[in-house]
Each structure stands twice: as C-alpha cells, then as structure tokens.
Amino acid sequence: MSAHFRLSVGAVVFAMTAALLAASPASASSSEYLRFGDSHMSYSPVVKRRATLYGRVATHRAHSIKVRSKRSGSSWSKGSTVKTDRNGKFKIGITLPSKPGSKYYQAYDSKARSTSAKYTSTAKLTTATPWDITFRDEFSSTKLNTSKWGYRARGAIQGGSKRYCSKSESRSVKAASGSLRLTNRVSSTSSTTSAQERACYSAMKRAYKNAYGSRYKTYIKRSGKYWARIMDSGHVSTGSATNGHTVNLTKPGIVAAKIRFAKPRGQHAGFWMRPIGGGRAHEIDVVEYMGYNGSRNSLYQFMYTDAGSQIGGTGTHGILTKFANKHRPYRGYHTYSVEWDGKGTYLWRVDGHTTYKTKRSVSRYAHELIISQLASDYELPRLPRTKASYTSVASVYSWAR
C-alpha cells in the first residue's frame, strides 16, 4: 500500500490550488490525506514568499525523511531533510515559487516497509499573481535603450536645485552588459560657458566655507585643478525616452531597482519618481545614498507631497541606517522598492523587508522613473575627483494591477 501524507501551507502570499496526482482513494486510511491550505494575503513580486509545509507519513515513529520538489518538465531536487515526530508528522519551511506557474512536492520515507510505500503521492501547487509587468530593463545591451531611457535635463545647469557646479551629460552614463553605470566626471572647459563657471565659482566658495569654516582656503588649495570645475553627472529618466513610460499613483503599483551604489561622499545616487513636466513639488525617493564617511552610511527613503511636506528619512526606528552600516550598499546589489495602493498608502522596502509605511494623499500626476548620480554644490568639497566612482543598476521594474 502506498503511503500518503497530509500537506498544508500557511502564511502564503498568493492564491493557490492543490491537486492529488496518482493517488488511489481506496488505498488511503482515514488518518492519511493530502491538502493545501490557502491564504488571503495580497501578493507582491518584491516580497520573499515563505510558507510552512506540514505532512504525515505512514511510518508512525520519529525518524528522518526527505521532502523534494520540482517544476513542470524538470527533475526532482535532492530534497531537504526533515525529522518527523513519533506519529510520523513533520513540518518544513520553504520558499514558494517566485513566478506564476506550478510546482510539485513529494516526501520520501526510506524507513517505509515496502518500496512502493517510500514515495508519497505528489501534490501540485499552482501560483497566480494579480500583478502585470508594465516596465522592465535588465540592461543587457552595451548601449542605453533610448526607447526606455533618455538623458534628463541634458546640459542644463540646475541652480534652482543647488547644482550650479554640475550638469547632466551622456558621457557619465555607460551601459554595460548586465548593468547601467552612472558617475560624476570633471567637465571639459569647452563644454561650459564663462557665465556657468562664474556661478559655479561662487557656489563652490560658499560650499567650502560651510564645510571647512575658516580653513576653507587650505582645502581650496588642495583641490588644485579641480577647484570650481563643473561636473558632468549621470541622469536618465523614462519620461525623457521615446516611449515615455510613466506610473499612475491613483492605481495600485510597484517600482523596484537592483542597485550597487558608489562609495565616496560628495555625491548622491538615487532611484526616484517625479511628475512629468516638473513644476510640481511631489516626489518619491525610492532610495537615495549619500555615500560612506568612514563611520556612517547615509541611506534614505523620502516622499515630498504636492504641498511640499517631507515624509520619511532613515525608515522606521532608523532601520535604513542599521541596514546600511551592516551591509554597506556599495559592496553589493540590493533591491529597493516602493508599493502603493492608489488610495494614499505607500510601503518602502529593501530586499523585500518593509522599512517605512505612510498614508498620504494621492498625486494625480503621471510620474516618470529616474536614475541619477548627482553632485549638489554643498557636497562637492567632499567628492574625490581624481577617479570616477560608479553606481551600478542591474535592473528596473514596474508593476500594476
């Protein structure tokens, strides 16, 4: 007689169905059956899905068994070892499928009395998601995909944004196979005007005074040929591209980017959203990194409302600072995201873990996605300009439902 076991799933974040394959009803005892539980929690493609599998095998004593899995058309995995109790019951935590489709589970009991009883019946788990991908770029080309991205404010000095000493230029954006790299480079004098250079000189002098006080002239001297030179910054957006992709904050959505940040201070890299056309205060900073100063990493997530209010910062109870000091955002890639329900609730996350939540009024304007590595005037005294440092972006996604 083939063995059967009971299988249920708890804490699942998407819809599921179960099917019993190759099972003979006549062979099952009254205490042995197979089933999947289900959940009513909403599914999010940026949250790691964990569940607990519960089961029971026919050998009713404490011993070790294997629980294995596979997708359609693939081979069974080697499986994970789990111990049963004296009644043959067991449970095991698993990471459920990250994509829509089916996955099969089966338990193997080497202590079963007969060969036919060693393998349990097979359970089929089918997952579905209400989310549709509306934008995706994994930067697989060696050129910037201009149907998806354009250079934002290219060549413009944005004094109103406190950037008299930097401007957006294509030379500071490089597409490599598997990532988009953004940096700040010293501009050539042939690409700037005398008026721009004078404005930069005044802004830079103020910045050095604020940073170094009465010693500012000493640090100006150390800057040498880089003193009062305008920087070319990496700055791209979907709204500047051919297709002009935007997101709608009045309907549920998610945006996410996988990023490894540049380390030096004196610049700030970010993944953010702004209304198309500008002139409005609303802004969502999915993530912003100000660099590492030797003792502290400055990682932020903000929102600026249409009324100009600033919300957010270092996350709930400073969780972003703790995360950054532990993981160092310049050492490896992490996924930064924000999700909204279209009614005013926003959830920021890092690697699927919620870092901040707020409820605010919804902006009715279409927002573009922006990736940048900028150098504001107040930061420049801290920026090493002898060698470029890069922020690398491995992927950008947006979803809607």
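The values are calculated or read from the model by the stated rules, or taken from the named source; none is laboratory data. Model, not experiment: these values are computed from the prediction. All Cβ positions, glycine included, derive from the backbone under ideal geometry; neighbour counts span all protein chains shown.
Here's the yes/no breakdown for (1) at pLDDT below 90; (2) buried (at least 17 other Cβ atoms within 10 Å of the Cβ); (3) within 14 Å of R181 (Cα to Cα):
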| site | (1), (2), (3) |
| --- | --- |
| T122 | yes, yes, no |
| P130 | yes, no, no |
| I133 | no, no, no |
| R136 | no, no, no |
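So how many residues does region 247-295 have that are on the phi < 0 side of the Ramachandran plot and assigned to a loop (DSSP other than H, G, I, E, B)? Step through it out loud before you land on a result.
Going residue by residue through region 247-295, those that are on the phi < 0 side of the Ramachandran plot are 247-265, 267-276, 280-290, 292-293, 295.
Applying the additional criterion that residues be assigned to a loop (DSSP other than H, G, I, E, B) yields 248-252, 261-265, 267, 276, 280-282, 293, 295.
Count: 17.
Which one is surrounded by the fewest Cβ atoms within 10 Å (Cβ to Cβ), of the residues in region 266-284 that are more than 22 Å from the chain's Cα centre (by Cα) and within 23 Å of D232 (Cβ to Cβ)?
Quick first cut of region 266-284, residues more than 22 Å from the chain's Cα centre (by Cα) only: 266, 276-281.
Then drop every residue that is not within 23 Å of D232 (Cβ to Cβ), which leaves 266, 278.
Details: G266: 21, G278: 8.
Out of the qualifying residues, it is G278.
Only one of these conditions is not met by R181: (1) among the charged types (D, E, K, R); (2) under 30 Å from I259 (Cα atoms); (3) in a helix (DSSP H, G or I). Which number is it?
All conditions pass for R181, except number (3).
Quickly run through region 173-191 and pick out the residues that are buried (at least 20 other Cβ atoms within 10 Å of the Cβ), over 24 Å from R136 (Cβ atoms) and out of contact with any helix residue (DSSP H, G or I) (no Cβ under 8 Å at 6 or more places or on another chain).
If the condition is that a residue be buried (at least 20 other Cβ atoms within 10 Å of the Cβ), over 24 Å from R136 (Cβ atoms) and out of contact with any helix residue (DSSP H, G or I) (no Cβ under 8 Å at 6 or more places or on another chain), then S187 is the only one that fits.
Which number in (1) part of a helix (DSSP H, G or I); (2) closer than 17 Å to S372 by Cβ marks the one condition that G224 misses?
Exception for G224: condition (2).
Where residues in region 329-351 are part of a loop (DSSP other than H, G, I, E, B) and surrounded by fewer than 16 Cβ atoms within 10 Å (Cβ to Cβ), which of them is nearest to the chain's Cα centre (by Cα)? Show your work before the answer.
Filtering region 329-351 for residues part of a loop (DSSP other than H, G, I, E, B) gives 329-333, 341-344, 351.
Subsequent filtering for residues that are surrounded by fewer than 16 Cβ atoms within 10 Å (Cβ to Cβ) retains 331-332, 341-344.
Numbers: R331: 15, G332: 12, D341: 18, G342: 20, K343: 22, G344: 21 Å.
Result: G332.
Whether any residue in region 224-239 is farther than 22 Å from E379 by Cβ, surrounded by fewer than 20 Cβ atoms within 10 Å (Cβ to Cβ) and under 23 Å from the mean Cα position of the chain (by Cα) is what I want to check.
Our first condition is that a residue be farther than 22 Å from E379 by Cβ; within region 224-239, this holds for 238-239.
After this cut, where a residue has to be surrounded by fewer than 20 Cβ atoms within 10 Å (Cβ to Cβ) as well, the list is none.
Among the residues of region 224-239, not one is farther than 22 Å from E379 by Cβ, surrounded by fewer than 20 Cβ atoms within 10 Å (Cβ to Cβ) and under 23 Å from the mean Cα position of the chain (by Cα), which makes the answer no.
Rundown of residues vs (1) in contact with a helix residue (DSSP H, G or I) (Cβ under 9 Å, 6 or more places away or on another chain); (2) among the β-branched types (V, I, T); (3) under 30 Å from S233 (Cβ atoms); (4) surrounded by fewer than 13 Cβ atoms within 10 Å (Cβ to Cβ), yes/no style:
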residue: S74; (1), (2), (3), (4): no, no, no, yes
residue: K83; (1), (2), (3), (4): no, no, no, yes
residue: G88; (1), (2), (3), (4): no, no, no, no
residue: I94; (1), (2), (3), (4): no, yes, no, no
residue: S114; (1), (2), (3), (4): no, no, no, yes
residue: K118; (1), (2), (3), (4): no, no, no, no
residue: N145; (1), (2), (3), (4): no, no, yes, no
residue: W149; (1), (2), (3), (4): no, no, yes, no
residue: G160; (1), (2), (3), (4): no, no, yes, yes
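State yes or no: is K167 under 30 Å from W227 (Cα atoms) and either under 27 Å from the mean Cα position of the chain (by Cα) or surrounded by 13 or more Cβ atoms within 10 Å (Cβ to Cβ) (or both)?
Here the answer is yes, as K167 does meet what is asked.
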